[in-house]
Amino acid sequence: MIEASLQKIGAELKSPDPISVIMVESQAAQLFVQLLRLNGLGLEPAKGGLSSFDLKRVIAIIESRGAHPPSLDELAGEIGLSRRHFFRAFKQSTGKTPYTYVAEHRMQRAADLLRATELSATEIALECGFASSSHFTVAFKRTFGASPSEFRRG
């Protein structure tokens, strides 16, 4: 594979045309990947992020707080990290910012309450930490494409 890539690069360099640069770059990328594979590099999982223990702790705190989601400072302090380091590590571990994760959790909790209880939309809004039922309705519709009452009926 490496030899074939080198031969293709050589052929492009001997007889260049308008797309030769693209071909050479493509072959060089393939060559680089093959060399990495031969040396066993790039096969280790990425390091960084939160340990599984810390991530589980943080998620448990978020899930237990319902109407009063924890602040970034609280979550970072819980596992002994600076706010900035916690933000980066959380995003690396989950693929989401802490704010996005909390917002999605609140919306999912609201949807679960709509399905499983007879609570009013206003009660669910307050239970999930929204400042008002109108704010909850707008956010819910943006997330699920239906108002809370339409979602419950559907």
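The values are calculated or read from the model by the stated rules, or taken from the named source; none is laboratory data. This structure is a prediction, so every number in the text was calculated from the model and none was measured. All Cβ positions, glycine included, derive from the backbone under ideal geometry; neighbour counts span all protein chains shown. When the accessible area is computed, the model is the full protein with side chains, heavy atoms only, and any ligands, DNA or RNA have been set aside. Shrake-Rupley method; radii C 1.70, N 1.55, O 1.52, S 1.80 Å.
Assorted remarks:
- Flag: residue 21 does not match the condition of being of a type in the set (A, V, I, L, M) and either in contact with a strand residue (DSSP E or B) (Cβ under 8 Å, 6 or more places away or on another chain) or at pLDDT below 85 (or both).
- Of the helices (runs of 4 or more DSSP H) contained entirely in segment 97-154, those carrying at least 2 residues that are within 26 Å of residue 86 (Cα to Cα) and either open to solvent by less than 50 Å² (accessible area, probe 1.4 Å) or of a type outside the set (Ser, Thr, Tyr) (or both) fall at 98-116.
- Candidates 49, 10, 66 - the one that is modelled with pLDDT under 85 and either open to solvent by less than 50 Å² (accessible area, probe 1.4 Å) or outside any helix (DSSP H, G or I) (or both): 66
- Matching residues in segment 61-86 - criterion: being closer than 25 Å to residue 127 by Cα and among the aliphatic types (A, V, I, L, M): 61, 62, 67, 72, 75, 76
- Flag if residue 90 is within 16 Å of residue 67 (Cα to Cα) and not in a loop (DSSP other than H, G, I, E, B): no
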